[in-house]
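Here's the structure we're looking at; comments come further down.
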Amino acid sequence: MRIIKATDYNDMSLNAAEIISEQIKYKPNSVLGLATGSTPLKTYKYLIEWYKNGDLDFSKITTFNLDEYYGLSKLDKQSYHYFMFDNLFSHININNDNIHIPDGTNKDVEQECLNYEKAILDADGIDLQLLGCGHNGHIGFNEPNEVFYTNTHLVNLEESTIQANKRFFETEEDVPRQSYTMGIKTIMQARKIIMLISGEGKKEIVKKAFFGPITPKVPASVLQLHRDFTLIVDKDAFSLCE
Ligand code: GLP
């Protein structure tokens with residue numbers, strides 16, 4: 001595990017965008033695993049800026065997003081589809097056929113999960129996976145659990161996750177209670193992983209996940225076992241670990 005100690009949110013975002021940019025330049029047909037949430041927003045802004053300056057080309061890039069709320073359609077403003085197009089895809093030259101996000105409207109759960117795993121395999125796996133981290137250590141929507149070894153699946157969201165994510169919805173009742181998510185196993189199969197963590201509110205989870213025991217009760221702790229994992233964390237989030 002490598003740790004990049006960034007000074008602040010902007011520095012964290014710049015570091016992450018540089019790693020993603022190097023990946024794209026080194027392998028123009030890279031397969032990227034992407035994340036939602038507020039943490040990667042500035043990273044995406046840098047990537048868009050560098051694309052607009054002519055420094056980055058996404059035409060051969062393939063992407064797989066970590067998760068999607070169950071029951072929300074692509075057109076729903078709260079869906080992760082909408083988020084990704086709004087904050088990244090609509091501003092770069094990615095081919096729409098190369099974008100993969102679980103289909104929240106597919107009620108055939110088994111088929112949706114198998115399809116997603118197969119699509120990742122068919123793309124020859126994920127070269128670089130970008131992750132954020134929930135306050136309870138969730139990655140994608142892998143909530144604290146008894147086991148690590150899960151593929152893409154439908155998950156029941158924890159009350160704390162519903163509370164944390166309700167800021168994006170009009171009312172708490174509107175927050176979906178379930179989500180499709182890549183599993184821990186899917187994520188750990190990525191060849192390279194970077195995780196971004198920013199802000200005081202995440203300082204406890206940084207300590208637990210990366211300076212404590214590896215346990216499915218803190219899903220992000222499994223990343224300690226990955227052979228090419230970089231944590232990019234800002235000062236405030238790292239403050240209990242100095
Ligand atoms: C959601 C997403 C995660 C993300 C997490 C943290 O639950 N499913 O992929 O990492 O939120 O979000 P934020 O970056 O807004 O703190």
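Read the figures in this text as sums done on the coordinates, not as results from a lab. This one's a predicted model, so the numbers in the text were calculated from it and none came from an experiment. No Cβ is skipped: glycine too gets one built from the backbone with ideal geometry, and neighbour counts run over all protein chains shown.
What to note about this one:
- Residue-count net charge about residue 79 - beta-carbon cut-off 13 Å; Lys, Arg +1, Asp, Glu -1: -4
- Point-to-point label distance, residue 115-residue 227, nm (Cα→Cβ direction, 7 Å offset): 3.3 nm
- Residues with amide H under 5 Å from that of residue 57, placed H, sequence gap 5 or more: none
- 18 Å reach of a label modelled at residue 60, 7 Å along Cα-to-Cβ, counting backbone N of the range 4-40: 20-33
- Percent RCO, i.e. relative contact order, over the chain, from Cα pairs under 8 Å lying at least 6 residues apart: 26 percent
- Rounded FRET efficiency, nearest 0.05, which uses the C-beta distance separating residue 156 from residue 29 and R0 of 41 Å: 0.70
- Summing +1 for each Lys or Arg and -1 for each Asp or Glu among the other residues whose beta-carbon sits under 14 angstrom from that of residue 140 gives -4.
- A cut-off under 14 angstrom between Cβ atoms defines the neighbours of residue 56, and their net charge, with Lys, Arg +1 and Asp, Glu -1, is 0.
- The chymotrypsin sites (Phe, Trp or Tyr not before Pro) of the range 117-161 meeting both criteria, a DSSP state outside H, G, I, E and B (loop) and at most 15 other C-beta atoms within 10 angstrom of the site's C-beta, are 149.
- For the chain, built as a Gaussian network whose Cα springs stay under 10 Å, the top-fluctuating residue of 165, 53, 95: 53
- Förster radius 30 Å - calculated FRET efficiency between residue 123 and residue 52, Cβ distance, rounded to 0.05: 0.70
- Between the beta carbons of residue 10 and residue 146, assuming R0 = 25 Å, the FRET efficiency works out to 0.05 to the nearest 0.05.
- Helix content alone sets the calculated 222 nm mean residue ellipticity of the chain: runs of n ≥ 4 DSSP H residues at -39500 (n - 2.57) each, divided across all residues, give -9000 deg cm²/dmol.
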